[in-house]
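All of the numbers you see were taken from the coordinates with simple rules; none came from a lab. Here the structure is a predicted model, which is why all the values come from computation and not from measurement. Here Cβ is always computed from backbone atoms with ideal geometry, including for glycine, and neighbour counts include all displayed protein chains.
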Amino acid sequence: DAKTTQPNSMESNEEEPVHLPCNHSTISGTDYIHWYRQLPSQGPEYVIHGLTSNVNNRMASLAIAEDRKSSTLILHRATLRDAAVYYCILRRTGNQFYFGTGTSLTVIP
Amino acid sequence: DVKVTQSSRYLVKRTGEKVFLECVQDMDHENMFWYRQDPGLGLRLIYFSYDVKMKEKGDIPEGYSVSREKKERFSLILESASTNQTSMYLCASSLGGGPIDSYEQYFGPGTRLTVT
């Protein structure tokens, strides 16, 4: 099964970069790596996804290790609104996604 | 903007009742999903559908069924609600036509169901 491992929690100071790690050692060659985040009292929202190359969008950057067994979500300047639970997700088997319990990010003013 | 709406934000039902949770998306997405979210367990997939009248079981389908009669609507049915089905239920949708994980999922706000 394609499973992910993330730290339970992380802290960051406001306006500093945040690097959120994810291990996925059982990833297969065709699995996309997705990141979502969930703000309090809301449904998860998409952040970014990639397959092999590093990806950038307006919200974040995704750095994927060369062997694809780990990835890092990078928030370039954390704001208080970035406080959320961040999920690193792979497709598991067939069409199933494994969300896991994610990393709870606290942003300190 | 993609919009996924769920019929209720909060719902209280009694044990043994039949419960319908409705989800509607307005972006003509092929794929729709139902998850439940519980503290310490993260999100777990209950069912998903990749086309009208098509459904696939997720991790925890027991005690649930689904219906997709129209492309935009995906219903989750609790045939006989039990207290262990008290949870937050989240619906999502995504494009289809390719590998399912190549597309982002758009989530609704969730329905907090309490079964007493």
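Run the numbers for B:Ser82 and B:Lys70: contour at 0.36 nm per residue of separation, minus the present Cα-Cα distance, in nm. Can you show the working numbers first?
Working: separation 12, 0.36 × 12 = 4.32 nm, distance 2.80 nm.
Result: 1.5 nm gained on full extension.
Mean projected area of the convex hull spanned by the Cα atoms of segment A:23-64, taken over all viewing directions: 3.6 nm².
Select from segment B:41-116 those trypsin sites (Lys or Arg not before Pro) which occupy a DSSP coil region and have at most 12 other Cβ atoms within 10 Å, ordered by residue number.
Numbers: sites: B:Arg44, B:Lys53, B:Lys55, B:Lys57, B:Arg68, B:Lys70, B:Lys71, B:Arg73, B:Arg112; in loops: B:Lys53, B:Lys55, B:Lys71.
Sparse-neighbourhood loop trypsin sites (Lys or Arg not before Pro): B:Lys53.
Could you tell me whether segment A:12-102 comes out rounded, prolate or oblate from its Cα gyration tensor? Rule is a ≥ b ≥ c as square roots of the eigenvalues, rounded for a/c under 1.5, then prolate if a/b exceeds b/c, otherwise oblate. Mind dumping the intermediate values first?
Working: a/c = 2.19, a/b = 1.41, b/c = 1.55.
Judged from the Cα gyration tensor, segment A:12-102 comes out oblate (a/c at least 1.5, b/c at or above a/b).
Distance distribution note for the protein assembly as shown: the fraction of Cα pairs above 28 angstrom is 30%.
Take every Cα pair under 8 Å whose residues are at least 6 apart in sequence, average their separation, divide by the length of segment B:43-103, and the relative contact order is 21 percent. Multiplying the residue separation of B:Thr15 and B:Glu62 by 0.36 nm and removing their Cα-Cα distance gives an extension gain of 15.3 nm. Please list the non-local residues whose amide H lies under 5 Å from the amide H of B:Glu17, H modeled 1.01 Å from N, same-chain partners needing a gap of 5 or more. Counting only residues 5 or more places away or on other chains, the set is B:Ala81. What pairs from B:Lys3/B:Lys71; A:Lys3/B:Lys71; B:Lys18/B:Lys55 go past 25 Å between their alpha carbons? Violating the 25 Å limit, Cα to Cα: A:Lys3/B:Lys71. Neighbour counting of Cβ atoms within 10 Å sorts the residues B:Glu62, B:Glu79, fewest neighbours leading, into B:Glu62, B:Glu79.
How much length, in nm to one decimal, is gained on full extension between A:Asn54 and A:His19, taken as 0.36 nm per residue of separation minus their Cα-Cα distance? Please report the intermediate quantities before stating the final value.
Details: separation 35, 0.36 × 35 = 12.60 nm, distance 1.40 nm.
Taking 0.36 nm per residue and subtracting the Cα distance, the gain is 11.2 nm.
For chain B, the dipole from Cβ point charges (+1 on Lys and Arg, -1 on Asp and Glu) about the Cα centre works out to 460 debye, to the nearest 20.
For chain B, a Gaussian network of Cα nodes joined below 10 Å ranks B:Leu11, B:Leu45, B:Leu21 by mean-square fluctuation, and the top entry is B:Leu11.
What's the average, rounded to a whole number, of partner chain beta-carbon atoms within 10 Å of each residue's beta-carbon in B:103-111? If you can, show how the numbers build up before the last one.
On the way: counts 4, 8, 9, 4, 7, 2, 3, 5, 0.
Neighbouring Cβ atoms belonging to other protein chains average 5 per residue here.
Here the residues A:His76, A:His49, ranked from fewest to most Cβ neighbours within 10 Å of their Cβ, fall in the order A:His76, A:His49.
So, in nm, how far is label B:Met27 from label A:Asp67 when the simple model puts each one 7 Å beyond its Cα toward the Cβ? Placing both labels 7 Å along Cα→Cβ, they lie 3.5 nm apart.
Quick check on segment B:1-108: what are the equivalent-ellipsoid semi-axes from the Cα gyration tensor, as sqrt(5λ), descending, whole Å?
In descending order, the three semi-axes are 23, 14, 13 Å.
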